[in-house]
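Worksheet: one structure, shown below.
The values are calculated or read from the model by the stated rules, or taken from the named source; none is laboratory data. These numbers were taken from a predicted model, which means no experiment stands behind them. Glycine also receives a Cβ, built like all others from the backbone with ideal geometry; neighbour counts cover every protein chain displayed. Accessible surface areas use protein heavy atoms only, side chains included; no ligands, DNA or RNA. Shrake-Rupley method; radii C 1.70, N 1.55, O 1.52, S 1.80 Å.
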Amino acid sequence: MRSLQTADYIVFLVYFIIVASYGYWVYRRKKKASTTASHDYFLAEGSLTWWAIGASLIASNISAEQMIGMSGNGFKMGLAISTYEWMAAATLLIVAIFFIPVYLKNKIYTMPQFLNQRYNSTVAMIMAVFWLLLYVVVNLTSILYLGALAIHAISGLPLYLCMVFLALFAIVITLGGMKVIGYTDVIQVFFLIVGGLATTYLALTLVSEKFGTTGVLNGFKLLTEKADDHFHMILKKDNPNFISLPGLTVLIGGMWIVNLNYWGCNQYITQRALGADLKTARSGLLFAAFLKLLMPVIVVLPGIAAYVLYNEGGFQDQMMVNGELVQDNAYPVMLNLLGPGLKGLAFAALTAAVVASLAGKANSIATIFTLDIYKKKVDPDASEKKMVWIGKISVIMALLVAVLIAPFLGIDKKGGFEFIQEYTGFVSPGIFAMFILGFFWKKTTSNAALFATVGGFVFSVIFKFLPKFADLSFLEPMGFAAKVEGLYEIPFIDRMGFVFVICIIGMWIISMVENKRGVKTNGLEIDKSMFKLNPAFTVGTLIVGGILTALYTIFW
């Protein structure tokens with residue numbers, strides 16, 4: 001039933017009051033610092049605890065594309081899509097060990113600042129404008145529109161009203177600064193996990209009841225029996241979904257670029273840890289890694305359950321749109337089966353996921369615009385108070401633009417989670433190459449960085465459209481191509497790997513040539529002591545690694 005009952009509205013109202021009141025309390029508690037120190041507003045410098053950093057990372061990461069899109073992929077291809085979540089857990093540990101120490105040691109607070117410090121102002125400004133446009137036109141609008149679509153499907157409220165509500169809620173959270181976002185995200189994650197687990201509980205219960213048994217464990221066992229093909233993490237070449245997740249590449253290839261770029265070179269994510277000391281930042285990232293291990297239970301299993309129930313004759317109408325099966329309907333279909341109160345909790349969980357992502361993205365937009373564009377090019381003498389004010393104005397303007405343009409971008413027609421991953425992959429290899437060599441090879445030059453930025457995108461486009469002009473069947477035996485509608489296409493994850501290698505080689509050649517000409521570079525301050533680990537973090541890392549090994553072994 002596409003409507004909310006009185007009990008649902010009460011549960012949701014309680015959630016809204018708790019988040020808004022707590023956010024206001026945090027804001028008032030340190031209002032003086034927030035209005036006089038721009039770093040405190042943008043980064044919550046020194047005030048976020050490890051658990052707030054970890055929760056904020058997950059709350060900002062999990063949004064409609066995961067809750068809706070990844071469940072849809074669970075319906076279509078099964079547990080294999082969980083590789084994005086489980087590989088992210090491993091990636092968070094790598095970022096904590098190797099990336100964060102470099103940022104903190106060199107007092108880097110924004111990604112364009114890193115590029116300016118390591119390369120030059122031209123590279124930094126190009127990327128600042130690029131990131132700003134990407135965040136506003138692509139990310140902010142996608143999160144807002146997909147979130148509104150999901151809430152519309154559950155509540156029956158008008159789509160545009162859902163968009164406006166989400167934007168206003170995000171503004172309330174964002175205007176308090178990174179500190180308010182960080183601490184309210186703890187509550188958001190609580191609702192996200194509890195509401196998500198309630199949906200999973202319902203899904204597994206429905207499966208067990210469908211086959212005459214009871215209990216969640218029986219439901220999970222039935223899933224593995226009735227959809228055995230949906231419980232393999234490494235897909236074989238004859239699997240129809242191989243083009244999306246090409247075999248071992250998800251362990252040793254392009255999936256690392258997807259995750260390392262997202263978690264280590266992304267203003268939206270890394271700024272949560274940049275205001276803390278190294279021990280706190282690492283502990284927060286470790287906590288986020290543990291939460292990542294849990295995410296497939298919340299966002300993938302309901303999709304697989306919907307697949308099993310659909311094959312048994314359920315949801316025949318609900319899963320269809322204009323006579324076509326729409327996989328992204330899997331999660332809303334499950335939510336609509338929840339009873340009064342529980343549906344309100346799940347509704348709050350989905351809203352929490354969307355609002356937290358919107359708030360985090362809007363704060364990143366404000367940070368980049370204020371610190372890397374306004375402060376440098378418009379008003380170099382701007383006071384701390386004025387910078388905070390400019391940041392708040394940019395938050396409101398960014399969300400207003402997103403609300404106005406989102407309905408006209410055809411986001412709903414372009415697909416969900418997979419589409420976002422593929423097209424983000426057009427720029428990820430070049431950006432990651434520029435960052436990784438900038439970190440650890442002092443000879444890397446500014447022109448080499450420009451080559452990676454522009455060349456990475458160009459080569460991604462070439463590899464995307466190459467199958468229309470060349471026969472790539474010779475790549476199929478090696479697992480680097482799959483037949484799609486008569487053409488042999490390179491899986492986009494492999495494509496990212498190829499482009500990354502090209503960017504690294506190109507950057508090395510350009511840098512070596514320029515080094516011989518005497519071009520000076522701005523290497524970062526790095527020493528071995530930065531990467532030492534404390535015993536507690538080491539133990540946590542080994543536990544996460546052990547769990548990942550077990551999961552991939554069991555569901556290989």
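Some notes on this structure:
- A single entry from ALA276, ALA305 fulfils the requirement of being among the small types (Gly, Ala, Ser), in contact (Cβ under 8 Å) with a residue 60 or more places away in the chain and within 22 Å of ASN363 (Cβ to Cβ): ALA276.
- Unmet requirement for ILE502, which otherwise passes all of (1) touching a residue at least 12 places away in the same chain (Cβ under 8 Å); (2) out of contact with any Gly (no Cβ under 9 Å at 6 or more places or on another chain): (2)
- Residues in the stretch 381-398 that are surrounded by 15 or more Cβ atoms within 10 Å (Cβ to Cβ) and not in a helix (DSSP H, G or I): ALA382 alone.
- Comparison of LEU301, LEU294 shows that the only residue that is surrounded by fewer than 23 Cβ atoms within 10 Å (Cβ to Cβ) and not β-branched (Val, Ile, Thr) is LEU294.
- Picking from residues in the stretch 207-241 that are in contact with a Phe, Trp or Tyr (Cβ under 7 Å, 6 or more places away or on another chain) and among the β-branched types (Val, Ile, Thr), the one that is nearest to MET478 (Cα to Cα) is ILE234.
- Number of the condition not met by ALA150 [criteria: (1) under 30 Å from LYS226 (Cα atoms); (2) at pLDDT 80 or above]: (2)
- Conditions (1) of a type in the set (A, V, I, L, M); (2) at pLDDT below 90; (3) within 18 Å of GLY425 (Cβ to Cβ); (4) exposed (fewer than 15 other Cβ atoms within 10 Å of the Cβ): number failed by ALA481: (4)
- Here THR424 passes the criteria (1) modelled with pLDDT of 80 or more; (2) within 23 Å of the chain's Cα centre (by Cα); (3) of a type in the set (Val, Ile, Thr); (4) open to solvent by 50 Å² or more (accessible area, probe 1.4 Å) except the one numbered (1).
- TYR103 meets all of the listed conditions (1) open to solvent by 30 Å² or more (accessible area, probe 1.4 Å); (2) under 30 Å from MET387 (Cβ atoms) but one, namely (1).
- Residues considered: ALA128, ALA96, ALA90, ALA124. Of these, the only one that is small (Gly, Ala, Ser), in contact (Cβ under 8 Å) with a residue 12 or more places away in the chain and open to solvent by 10 Å² or more (accessible area, probe 1.4 Å) is ALA90.
- For the stretch 334-376, a residue qualifies if it is open to solvent by 10 Å² or more (accessible area, probe 1.4 Å) and among the hydroxyl-bearing types (Ser, Thr, Tyr), and exactly one does: TYR374.
- Filter result for the condition that a residue is under 28 Å from PHE211 (Cβ atoms), of a type in the set (Ser, Thr, Tyr) and open to solvent by 10 Å² or more (accessible area, probe 1.4 Å), over TYR331, TYR310: TYR310
- The stretch 221-256, residues that are of a type in the set (Val, Ile, Thr), in contact (Cβ under 8 Å) with a residue 24 or more places away in the chain and open to solvent by 10 Å² or more (accessible area, probe 1.4 Å): ILE234, ILE243, THR249
- Residue within the stretch 43-51 that is part of a helix (DSSP H, G or I), more than 24 Å from THR549 (Cα to Cα) and at pLDDT below 80 present: yes
- Residues that are under 29 Å from THR445 (Cβ atoms), in contact with a strand residue (DSSP E or B) (Cβ under 9 Å, 6 or more places away or on another chain), open to solvent by 20 Å² or more (accessible area, probe 1.4 Å) and among the charged types (D, E, K, R) are absent from the stretch 485-498 altogether.
- If you go through the stretch 343-358 and keep only what is out of contact with any Phe, Trp or Tyr (no Cβ under 9 Å at 6 or more places or on another chain) and farther than 17 Å from MET163 by Cβ, you end up with LYS343, ALA346.
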